[in-house]
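The values are calculated or read from the model by the stated rules, or taken from the named source; none is laboratory data. Everything numeric in this text was worked out from a predicted model, so none of it was measured. Here the Cβ positions follow ideal geometry from the backbone for every residue, glycine too, while neighbour counts run over all protein chains shown. Note: accessible area is taken over every heavy atom of the protein model, side chains too, but ligands, DNA and RNA are not part of it. Shrake-Rupley method; radii C 1.70, N 1.55, O 1.52, S 1.80 Å.
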Amino acid sequence: MDLFKKCFDFTRADEVKALGVYPYFRPIEANEGPIVQIEGKKVIMAGSNNYLGLTSHPRVIEAAIKAIEKYGTGCSGSRYLTGTLDLHIELEERLAKFFGAEAVLLFSTGYQTAQGIIPTLAGRNEYVISDKDNHACIVAGTLMSKGAMGNLARYKHNDMDDLQRVIEKIPKDAPKLIVSDGVFSTGGEIVNLPRLVEIAKRNNARIMIDDAHSVGVIGKGGRGTASEFNLENEVDLTMGTFSKTFASLGGFVAGAERVINFIKHFSPALIFSASPTPSSVAAALAALEILEEEPERVTNLIDNANYMRKGLKGKGFHIIDGRTAIVPVIVGNDEIAFKMWKLLYDGGVFVNVFISPGVPEGRQMMRTSYMATHEKEQLDEIIHIFEQAGKQVGLI
Ligand SMILES: Cc1ncc(COP(=O)(O)O)c(C=O)c1O
């Protein structure tokens, strides 16, 4: 049997393309934040994670350009060897201050951060306990962990009773790491951190929270999940990404200096991969400064998302309610999902489509997400186009 047989047999994407409703890999030709250009046409972006709208902010752009002029376009080496710039250290120190953490370490992407931390910390006879809806990078890191084969434990999504049940099965004195998204990337729900902390404390477990969708969104001045619940001293490791609120590319982890120092010296994802580019680091640094100076951006973002929750619910859509920047609109099957996406796109709105098996059957959704910089008229237009499309596919 040929290894590539499965590749030749995979035709689902071509079939969807032939119907003209394929929503993925659409090239964006120009990006102004809430408005992007695709196939020569301006559409409202309602699916980006550019939460504070900073990818086109003049100060962020200027910082990236200046960094290229000073340091060049790439670092050509890992942090461990020739790839550490003073700029990396500056961003680490500034982030540590922002989170009130002892230390921060940068990675080249958010994905690499989780994948790089979990197997470095959890080895043989050590347990990683993970929410079933955690992001793929946490799953990848957990599967790579030496403890994973026999010692991987998963609990039902954000179900703290189930976490309690799972953790009770693990030897009480065994080293454990509980890992959860702070804000879940698909549904936008916030982890039940107070109960998670309580369970971790009673069971000798450390806690890692992935705040990719939380920083700049929840917590005091956008400081993320631990800050949201006043539990800054209880979360051992907070990781995040620069690809969303920070308008750039890269990842980071914040925690105790001794732990960060260990990850720094033992994580293959850090040691054997080139460091984030000068322009990426400088852009993230400028975005962090803007977040610190203009916390009202966080308020605008949540006001916009709340406006959309109310507006879409008011039209009769089934949404997953919440208080983050993510507003999932449930459509319930793949066919309606593709049709709905195409109607929205033709109407001038770009959203993300999640189909099965990426989400369970019945949970197929238009995952919409908002920016601090969306104008009210744009939000009203999104609601209007949703209403027309929803009526056409029989959803409302
Ligand atoms: C929860 C979560 N963690 C990590 C990542 C990965 O971040 P990055 O885009 O920096 O690789 C994402 C991005 O989709 C995410 O949603």
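Of note:
- Condition met for Phe266 (over 19 Å from His57 (Cα atoms) and outside the structural domain of Lys17 (by TED's automatic domain parsing)): yes
- Some residue of the range 210-228 being more than 23 Å from Glu294 (Cβ to Cβ) and either of a type in the set (Asp, Glu) or within 12 Å of the ligand (Cβ to nearest atom) (or both): yes
- Count of residues meeting criterion [loosely packed, with under 14 Cβ neighbours inside 10 Å and within 30 Å of Val183 (Cα to Cα)] in the range 14-28: 5
- Among the residues of the range 111-131, those identified as open to solvent by less than 10 Å² (accessible area, probe 1.4 Å), within 21 Å of the chain's Cα centre (by Cα) and more than 18 Å from Cys75 (Cβ to Cβ) are Ala114, Ile117, Ile118, Val128, Ile129, Ser130, Asp131.
- Of the criteria (1) in contact (Cβ under 8 Å) with a residue 12 or more places away in the chain; (2) outside the structural domain of Glu289 (by TED's automatic domain parsing); (3) more than 24 Å from Leu344 (Cβ to Cβ), which one Ile68 fails: (2)
- Residue in the range 313-369 that is surrounded by the fewest Cβ atoms within 10 Å (Cβ to Cβ), counting only those that are basic (Lys, Arg) and closer than 20 Å to Lys244 by Cα: Arg323
- Output for the range 48-81, where each listed residue is touching a helix residue (DSSP H, G or I) at 6+ places or on another chain (Cβ under 6 Å) and more than 30 Å from Phe266 (Cβ to Cβ): Tyr51, Leu52, Leu54, Arg59, Val60, Ala63, Ala64, Ile68
- For the range 78-108, the candidate set comprises residues that are more than 20 Å from Leu291 (Cα to Cα) and within 22 Å of the chain's Cα centre (by Cα); within that set, the residue that is least open to solvent (accessible area, probe 1.4 Å) is Phe107.
- Selection of the range 36-69 for residues being out of contact with any Gly (no Cβ under 9 Å at 6 or more places or on another chain) and open to solvent by 40 Å² or more (accessible area, probe 1.4 Å) yields Gln37, Glu39, Gly40, Pro58, Arg59, Ile61, Glu62, Ile65, Lys66, Ile68, Glu69.
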